[in-house]
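Peer 1: Quick one: the structure is below, and I'll ask about it shortly.
The values are calculated or read from the model by the stated rules, or taken from the named source; none is laboratory data. These figures come from a predicted structure and were not determined experimentally. Glycine gets a Cβ as well: all are built from the backbone with ideal geometry, and neighbour counts include every protein chain shown. Calculation scope for accessible area: heavy atoms of the full protein, side chains included, ligands and nucleic acids excluded. Shrake-Rupley method; radii C 1.70, N 1.55, O 1.52, S 1.80 Å.
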Amino acid sequence: MAESSPASFLTQADALLRKNFVFQKRNIWSNIRLVTIPFFLCFLLLVIQMLFDSQFNDVHGQCGCLNEKTCGLRYSTSEQAAFCAIPKPPQWTPLLQIPAPQYRAVAPYPSRSSPATFFFTGKNQSLGKILMRNMYTNFSEFDGDLANYVLGSSSLPAYTNYMDSTFLSDLPIYNIQHECSPNSSFSTLIDQFPLAFPKEINCVQGLNLWQNSSSDVNNELFRGYRKGNPDEKINEYAAAFDFQNTNRNILNVSVWYNSTYKNDTVVRPMALIRVPRLVNMASNAYLDFLKGSETKILFEYVKEMPKPETKLGLDIASLIGPLFFTWVILLLFPVILTTLVYEKQQRLRIMMKMHGLGDAPYWIVSYTYFFLISFLYMLCFALFGSAIGLNFFRLNDYSIQLVFFLICINLQISIAFLASAMFSDVKTATVIAYIYVFGTGLLGIFLFQFFLEDPHFPRGWIIAMELYPGFSLYRGLYELSQSAFAGDYRGVEGMRWGNFENGMKEVTCIMLIEWLLLLASAYYIDQITYSRKHPLFFLMQNSSKKKQHHFSQSQISKVVIEMEKPDVCQEREKVEQYLLESTENCAVLCNNLKKVYSGKDGNPQKLAVRGLSIALPQGECFGMLGPNGAGKTSFINMMTGITKPSSGTAFVQGLDILTDMDRIYTTIGVCPQHDLLWEKLSGREHLLFYGRLKNLKGSVLKQAVEDSLRSVNLFHGGNGDKQVGKYSGGMKRRLSVAISLIGNPKVVYMDEPSTGLDPASRKSLWDVVKRAKRKAAIILTTHSMEEAEVLCDRLGIFVDGSLQCIGKPKELKGRYGGSYVLTVTTSEEHEQEVEQLVHNISENAKKIYRTSGTQKFELPKKETKIAEVFQAVAKAKMMFPVVAWGLADTTLEDVFVKVAQTLS
Ligand SMILES: Nc1ncnc2c1ncn2[C@@H]1O[C@H](COP(=O)(O)OP(=O)(O)OP(=O)(O)O)[C@@H](O)[C@H]1O
C-alpha cells in the first residue's frame with residue numbers, strides 16, 4: 001500500500017463531520033427532544049396565559065355587557081365601570097387624604113374621634129392662624145352641596161381616576177370641621193349614573209398646629225413614620241402648609257401631601273387626585289382673608305378625560321419574559337457543556353487527537369455543530385412563540401431578535417468551551433451548569449432587575465453587573481419584554497432599530513466583545529492545558545519542516561545509575577550514539593525519560609518512570625514486561641502525549657514528543673489500556689473515521705476497513721455493523737487493536753492488547769500484530785509471557801519504574817535462566833536415593849520443591865549434560881519404581897519472576 005501523507009485540515013474536518021453526523025443520527029431522538037423543548041415551553045406560556053385570562057382577565061376585567069354587542073356603564077358593576085368607554089366623564093367631588101383614625105397623630109392614644117392634624121408655618125404666624133381657620137367652614141346643617149365642605153377619606157386610590165375610590169369604599173367620608181357638632185355628621189346620596197347609593201359623612205375635627213419653621217414641619221412629619229420614632233408608632237398627619245412670606249399682596253404657599261398613598265407602582269398609574277383640594281383650600285382661605293367669607297373659589301368637581309373602552313389584559317409572556325426566556329436560552333448551556341466534558345472524561349478527544357485529529361478541525365466542527373443546534377433551538381422558539389401570538393416575538397423587530405439571539409448563543413457556546421476546561425467529570429459539570437442556569441434567572445429577577453428599576457442605583461454598577469454574561473442576557477431580554485409590554489399597552493410596535501438604544505445597545509456590545517474574548521481565552525486555555533503547549537506558543541515559530549536533532553557529547557546528560565545492568569547500560573549507550581548521529585535513524589528513541597507524579601492527599605510523590613533510555617529500530621516489536629504498577633502505562637502515556645515527561649524526552653521518527661506531538665500524532669497508532677470507543681457507533685464506523693484521519697480515501701479506505709475487520713474477526717456475522725455498545729469486552733478490545741493499526745502507522749503503542757481475549761481471538765490477534773510489525777515499530781505491554789515470546793523481537797523487564805534487563809527473549813532466558821528443572825516422582829521412601837542420583841549429575845543441584853514423593857531440582861546448565869540425566873533416570877528405574885519424571889528448560893516466566901523478585 002502506498003505511504004499516506006498526513007490528512008489535511010479539510011480531510012480531518014470531513015472525517016469528524018461524518019462521524020458526528022452518524023453519531024447525531026443515532027441520537028436523533030435526543031436531538032429532536034432538545035429542539036422541541038421551546039415548543040413545549042411556549043405552549044406552557046400559552047397555558048399560563050389562558051389560565052390567567054380565565055381567572056383575572058375575565059368579565060370582571062372588562063366593561064359589563066347586556067349581550068355580545070351591547071356593553072356600557074349601565075350594564076356594569078362598579079368594578080367593571082372603570083373599563084367602560086367614558087365619552088362623557090362624570091364629575092366627582094374632590095377629596096383629601098385623611099389618615100385612618102387609628103393612625104392619626106394624637107396623644108396619648110388615637111380614638112375614633114381623633115382629630116386630623118394639619119401643620120402650618122410661615123413668616124407670619126398670626127396670618128397663618130387666620131388662613132388655617134379659613135380652611136374649613138362650620139355649617140350647622142348639610143346644605144346639599146358637597147363642594148362647601150372639606151371632605152376626605154383614608155381609602156387608597158383606585159386603579160383609575162375615573163372615580164375616587166372613596167365613593168365605592170365601605171369607609172366613611174370625613175367632613176373636616178373646627179368643632180364637631182351632632183349635625184356635622186350626616187348621610188348623603190351619591191347619585192352618579194349608573195351608581196346611586198347613600199354614603200356616610202362623618203365629622204372629624206381639624207387640628208391646626210403651628211411650627212416655627214419648615215424644617216420643624218419636616219422633622220415632625222418624619223417622626224410620624226414608624227421608622228422615624230423610637231416607639232415605631234405611626235403618627236400620621238393629614239397635610240401641612242408653609243405660608244412663607246404670604247401677606248395681603250402675595251400668596252406663597254407650599255403644601256406637604258402624604259405620598260404613601262400616591263401608589264406609583266409599575267402596574268398602577270400615579271394617583272395624585274387628592275392633592276388639588278389642598279391647594280384649593282389654601283387659595284380659598286386666602287381669598288376669605290382678603291374678601292371675607294362671602295367670596296369663594298368653589299372647587300366643585302374633578303373629572304377624568306373621555307376615554308375608550310379598555311380591558312384588563314395582562315401579557316404574562318412579556319411580564320415574566322426575562323426570567324422565563326433567560327431559563328429557556330440558558331437551558332442549552334448544560335447540554336453543550338456536558339457534551340464537551342463527556343468527550344474529555346471518556347478520553348474520546350485524546351483518542352481522536354492521538355490518531356491525528358488536529359485542534360483546529362475539532363474546534364471548528366464542534367463549534368459549528370453546537371451553533372447549528374442552538375440556532376435551530378432559538379429559531380423554533382421564536383417561530384412558535386410568534387405563531388401562538390406571544391407579544392415578545394410579535395411586536396419586537398425580528399432582525400433585532402436575530403442579532404441579539406445570535407450573539408447570545410455564540411457567547412453561550414464560548415462560555416461552555418471555556419468552562420469545559422475546568423471540569424473533568426460530567427456529573428459535577430451538570431450540577432454546576434444547572435446551578436448557573438437557575439441561579440442566573442433567580443438572581444436576575446430578584447436582584448439585578450431590582451437594581452435596574454431603581455433610578456438611584458448607579459448606572460456604572462449596572463454595567464459592571466452586566467459583565468456577568470447571565471445578567472447581560474437578562475438585561476437584553478428585559479429590554480425586549482419591556483418594549484413588547486409597552487407596545488402592547490399603547491397599541492404600538494415594540495423595539496425597532498430606531499429605538500435600539502441605552503440598555504439594549506449596551507448589553508449587545510458587551511456580549512459581542514465578551515463572545516470574542518471568551519472564545520479566544522477558551523482556545524488559549526485548551527491549548528496550554530489539554531494540548532500541553534507552551535503558554536507563549538503563539539509567539540513560537542512552528543516550522544513545518546522536520547527538525548534535525550543532533551546532540552553534541554556535552555548535550556547528552558550522563559546519568560549514572562547505580563547497579564544498572566550491563567544490557568541496560570549498553571542500551572543507554574546505544575541511545576547516546578543515536579543522539580550523536582541522528583534521532584531519525586530510529587523509530588522510537590527515548591532519552592532518559594522520567595515521570596514523577598506529585599504527591600496528593602498526603603501521599604508522597606511517586607517516581608513512576610526512572611530515566612528510561614531505549615532505541616527501537618523500524619520493524620521491531622518491543623515488549624515491556626513488568627509487574628502491576630511498574631510504570632508501563634505511564635511510559636506509554638508520555639509517548640502518546642497524555643502526560644508530559646517530568647524530565648528527559650523521546651523522539652518518534654525524529655520528532656520530539658515535547659514539541660512536535662501534533663505531527664507525531666499523524667504517524668502513530670494507539671491501543672490504550674482501556675477501550676476508548678463511542679457506544680453508539682459501529683466497529684466499521686470507528687474504522688472509517690480513524691481511517692479518514694489517517695488520510696485514507698475512497699476504495700483504499702473501504703478496503704482497509706474490510707481488511708481490519710477481517711483481521712480482528714469482526715467481519716463475519718454482521719459484527720462490524722453492530723453498535724459498539726452491543727459488543728462483548730473481547731470484541732471491543734479487538735476493535736481497539738484494529739483502530740491502532742489502521743492507516744499504516746509508523747509506530748504503534750499497544751497497552752495490554754490481548755486482555756480479555758479468548759485463546760482463538762488472541763492467536764488471530766497475534767497474526768495481525770506480526771503482520772503489522774513488518775511496517776511499523778510496535779511497543780507492546782503485556783502480562784502474558786507467551787504473547788511476549790511470540791510477538792516481541794526484544795523484551796525489557798520493567799520493575800518499579802526502571803528497566804532491569806533488555807534483550808531478545810532467548811538471550812534473557814540464557815542470561816537469567818541458566819538452569820534446567822528436573823522433576824521426579826517416586827514413593828516417599830526413595831526420595832533420598834533420587835536426591836543422591838541428582839547430586840551425582842550436578843554437584844550444585846538445588847532442591848526447589850518437595851511434596852509426597854515429587855521433588856523438583858534446579859540443575860546449573862554449565863555442569864549438566866542432558867545425556868547424563870537420561871542415564872541417571874534409567875538407573876533409578878532399575879533400582880526402584882519411578883512414577884514420573886521430566887526435564888525442562890527455563891521459561892520466560894521464570895526469568896520474569898527472578899528479575900522481579902530480585903528487587904522485591
Ligand atoms: N496519575 C497518577 N498520579 C499518581 N500516581 C500515579 C498516576 N498514575 C499512575 N501512578 C502510579 O505510578 C505507578 C506506575 O503506574 P502505571 O499505571 O504506569 O503502571 P503499569 O505498569 O502500567 O501497571 P499495570 O500493569 O497494572 O497497568 C503506580 O504506582 C501508580 O500508582
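Peer 1: If packing is taken as the average number of other Cβ atoms within 10 Å across a peptide's residues, how do 294-303, 364-373, 661-670 rank, most packed first?
Peer 2: 661-670, 364-373, 294-303
Peer 1: Semi-axes of region 817-898's equivalent ellipsoid from the Cα gyration tensor, sqrt of 5 times each eigenvalue, largest first, rounded to whole Å?
Peer 2: Equivalent ellipsoid semi-axes, largest first: 21, 14, 10 Å.
Peer 1: Which value, in Å to one decimal place, does the Kirkwood hydrodynamic radius take for region 200-357 when every pair of different Cα atoms is included?
Peer 2: For region 200-357, inverting the mean 1/r across all distinct Cα pairs yields 23.0 Å.
Peer 1: Then there's this: For region 834-904 and region 168-213, compute the distance between their C-alpha centroids and round to whole Å.
Peer 2: Measuring centre to centre over Cα atoms gives 127 Å.
Peer 1: To continue, here is another question. Within region 778-866, what whole-number % of the accessible surface is contributed by carbon and sulfur, with the 1.4 Å probe and all protein chains included in the calculation?
Peer 2: 46 percent
Peer 1: Per residue, how much accessible area does region 817-898 show when a 1.4 Å probe rolls over the protein heavy atoms, in square angstrom?
Peer 2: 58 Å²
Peer 1: Same structure, new question: If you take every DSSP beta bridge fully contained in the chain, what fraction is antiparallel? Give it as a percent rounded to 5.
Peer 2: The antiparallel fraction comes to roughly 60 percent.
Peer 1: Assign unit charges at the C-beta atoms only (+1 for Lys and Arg, -1 for Asp and Glu), then state the dipole size of the chain relative to its Cα centre in Debye, rounded to the nearest 20.
Peer 2: So the dipole magnitude of the chain works out to roughly 2480 debye.
Peer 1: Once the principal axes of the Cα atoms of region 861-904 are found, what is the range along each, listed largest first in whole angstroms?
Peer 2: 44, 23, 14
Peer 1: Another question, if that's okay. Provide I636, I435 ordered by accessible surface of protein heavy atoms (probe 1.4 Å), highest first.
Peer 2: I435, I636
Peer 1: A further question follows. Which of K353/K697; K533/K732; K847/K898; K595/K694; K533/K595; K565/K600 have a Cα-Cα distance over 23 Å?
Peer 2: K533/K732; K595/K694; K565/K600
Peer 1: Can you give me the pair-distance distribution of region 1-49, C-alpha pairs, 10 Å bins, whole percents?
Peer 2: Percent of Cα pairs in each bin: 21, 24, 23, 16, 10, 5, 2.
Peer 1: Now, a different point. Would you mind putting 773-786, 31-44 in packing order, based on average other-beta-carbon counts within 10 Å, highest first?
Peer 2: The peptides rank, most packed first, as 773-786, 31-44.
Peer 1: A further question on this structure: Under 29 Å between alpha carbons, and skipping anything fewer than 8 positions from K69 in its own chain: which lysines qualify?
Peer 2: Reachable lysines: K88, K303, K307, K311.
Peer 1: Still on this structure, please answer the following. Using a 1.4 Å probe over the heavy atoms of the protein chains, calculate the carbon and sulfur portion of the accessible area of region 558-649 as a whole percent.
Peer 2: C and S fraction of accessible area: 50 percent.
Peer 1: For region 653-780, divide the Cα radius of gyration by the Kirkwood radius and give the resulting Rg/Rh value with two decimals.
Peer 2: Computed over Cα atoms, the ratio is 0.95.
Peer 1: Could you calculate, for region 797-848, the ratio of the Cα radius of gyration to the Kirkwood radius, expressed as Rg to Rh?
Peer 2: 1.20
Peer 1: Moving to a separate point now. How far is the Cα center of region 238-261 from the Cα center of region 451-488, in Å?
Peer 2: So the separation of the two Cα centres works out to 39 Å.
Peer 1: Still on this model: Can you tell me the accessible area per residue over region 572-692, all protein chains present, probe 1.4 angstrom, in square angstrom?
Peer 2: Per-residue accessible area for region 572-692 comes out at 34 Å².
Peer 1: Also, quick follow-up: Stretch F9-T295 to full length: gain in nm at 0.36 nm per residue minus the Cα-Cα span?
Peer 2: This chain segment gains 93.3 nm when fully extended.
Peer 1: Right, next: Compute the helix-to-body angle for 683-693: its Cα long axis versus the longest principal axis of the chain, expressed 0 to 90° and rounded to tens.
Peer 2: Between helix and principal axis, roughly 90 degrees.
Peer 1: How high is the FRET efficiency between E811 and K775 when r is their beta carbon distance and R₀ equals 22 Å, given to the nearest 0.05?
Peer 2: FRET efficiency, E811 to K775: 0.30.
Peer 1: Please work out how much length the chain gains when fully extended from M50 to K726, using 0.36 nm per residue of separation minus the C-alpha to C-alpha distance, in nm with one decimal.
Peer 2: Here the answer is 238.6 nm.
Peer 1: How big is Rg to Rh over the chain, alpha-carbon atoms, Rh as the Kirkwood inverse-mean-distance radius?
Peer 2: Taking Rg over the Kirkwood Rh, I get 1.27.
Peer 1: A further question follows. Can you find, among V790, I806, V838, the residue farthest towards the positive end of the dipole of region 784-855? Put +1 on the C-beta of Lys and Arg, -1 on that of Asp and Glu.
Peer 2: I806
Peer 1: Stokes-Einstein diffusion coefficient for region 553-811 at 4 °C in a medium of 1.567 mPa s, Rh from the Kirkwood formula over Cα pairs: what value in µm²/s?
Peer 2: This corresponds to a translational diffusion coefficient of 69 µm²/s.
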